[in-house]
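Report on one structure; see the data block that follows.
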Amino acid sequence: MVVPLLRSSRFFRSLVLTTWFFSVLLWLYVIARIIVNQVDVHMPFVDSVPSVSFSAMGAIAFGLSFTSMFIYLWLWGRFDRRSPPR
């Protein structure tokens with residue numbers, strides 16, 4: 001019932017792809033800052049928010065990108081069962 005509605009929604013499709021793109025960019029930024037600046041992964045990502053470390057931000061960004069790509073592939077990609085395999 002909900003899945004056909006989500007498949008037909010162009011807004012939801014663009015939201016999922018945009019979320020995936022920016023979460024991958026965030027993950028790459030975290031990795032680049034760790035490698036280039038040689039920071040400790042347990043340091044705060046932002047000084048004013050000491051509870052979020054580099055490792056936590058990287059894990060959150062990676063999880064968000066994985067989830068959004070899984071949703072995209074499930075609804076519009078290879079996992080779509082509407083068309084027979086070739």
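A few comments on the model shown:
- Flag if residue 3 is on the phi < 0 side of the Ramachandran plot, loosely packed, with under 15 Cβ neighbours inside 10 Å and touching a Leu at 6+ places or on another chain (Cβ under 9 Å): yes
- Of all residues in segment 14-50, those being within 30 Å of residue 75 (Cα to Cα) and acidic (Asp, Glu) number 0.
- Residue 8 being touching a residue at least 12 places away in the same chain (Cβ under 8 Å) and polar (S, T, N, Q): no
- Residue 67 meets all of the listed conditions (1) more than 9 Å from the chain's Cα centre (by Cα); (2) without any contact (Cβ under 8 Å) to a residue 24 or more places away in the chain but one, namely (1).
- If you go through segment 10-67 and keep only what is surrounded by 12 or more Cβ atoms within 10 Å (Cβ to Cβ) and among the basic types (Lys, Arg), you end up with 13, 33.
- Restricting the search to helices (runs of 4 or more DSSP H) fully inside the chain and requiring at least 3 residues that are modelled with pLDDT of 90 or more gives 10-37, 54-76.
The values are calculated or read from the model by the stated rules, or taken from the named source; none is laboratory data. Since this is a predicted model, take the numbers as computed values, not measurements. All Cβ positions, glycine included, derive from the backbone under ideal geometry; neighbour counts span all protein chains shown.
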